[in-house]
1. Return the FRET efficiency for the residue pair ASP6, MET26: r is the Cβ-Cβ distance, R0 is 25 Å, and the value is rounded to the nearest 0.05.
2. As a check on your grasp of the helix formula, calculate [θ] at 222 nm for the chain: sum -39500 (n - 2.57) over DSSP H runs of n ≥ 4, divide by the residue count, round to the nearest 500.
3. Using +1 on the beta carbon of Lys and Arg, -1 on that of Asp and Glu, and nothing else charged, what's the dipole of the chain about the Cα centre, debye to 20?
4. Can you work out ³J(HN,Hα) from phi for every residue in the stretch 7-20, in order, using Karplus 6.51 cos²θ - 1.76 cosθ + 1.60 and θ = phi - 60°, giving whole Hz and x for Gly and Pro?
5. Among 34-41, 8-15, what's the highest-first ranking by average C-beta atoms within 10 angstrom per residue?
6. Tell me the volume per residue, in Å³, of the convex hull enclosing the alpha carbons of the chain.
7. What spacing in nm lies between the two simple spin-label points modelled at LYS15 and HIS46, each 7 Å away from Cα in the Cβ direction?
8. Once phi is turned into θ = phi - 60°, what whole-Hz ³J(HN,Hα) does the Karplus curve with 6.51, -1.76 and 1.60 give for every residue of the stretch 24-30, x standing for Gly and Pro?
Amino acid sequence: MSQKKDTNTEHIILKAAKRVFQNKGMDGARMQEIADEAKINKAMLHYYYRSKQLLFEAVFRNAFALLA
């Protein structure tokens, strides 16, 4: 059950981050804004992704995987 919840939370974070990055770009996006979009607190966002750069890379990898 915990693994499924973790995967679901990560998916929600990635979807929220994708929306924020598309609207604001890497430089304009803020971790707090992504957390708000995902409806989680910033501490949980940092638990899954330690930095904005790592989150951006995860979103990019996810998008690239869809194309490949």
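1. On the way: r = 25 Å, r/R0 = 1.01.
For R0 = 25 Å, the calculated efficiency reads 0.50.
2. Details: 4 runs with 58 residues, N = 68.
Result for the chain, helices only: -27500 deg cm²/dmol.
3. Numbers: 12 positive and 7 negative charges, 17 e Å.
In debye, rounded to 20, the chain gives about 80.
4. For the stretch 7-20, the Karplus-derived couplings read 5, 5, 4, 5, 5, 4, 4, 5, 5, 5, 5, 4, 4, 5 Hz, x marking Gly and Pro.
5. Numbers: 34-41: 17.2, 8-15: 15.5.
For the peptides 34-41, 8-15, the packing ranking is 34-41, 8-15.
6. Values: hull volume 5.6 nm³, N = 68.
Looking at the chain, the number lands at 82 Å³ per residue.
7. According to this spin-label approximation, the distance is 2.6 nm.
8. In residue order, the calculated couplings are 10, x, 4, 6, x, 6, 10 Hz.
Read the figures in this text as sums done on the coordinates, not as results from a lab. Quantities reported herein were computed from a predicted structural model and do not represent experimental measurements. Heads up, the Cβs are rebuilt from the backbone with ideal geometry, glycines too, and the neighbour counts pull from every protein chain shown.
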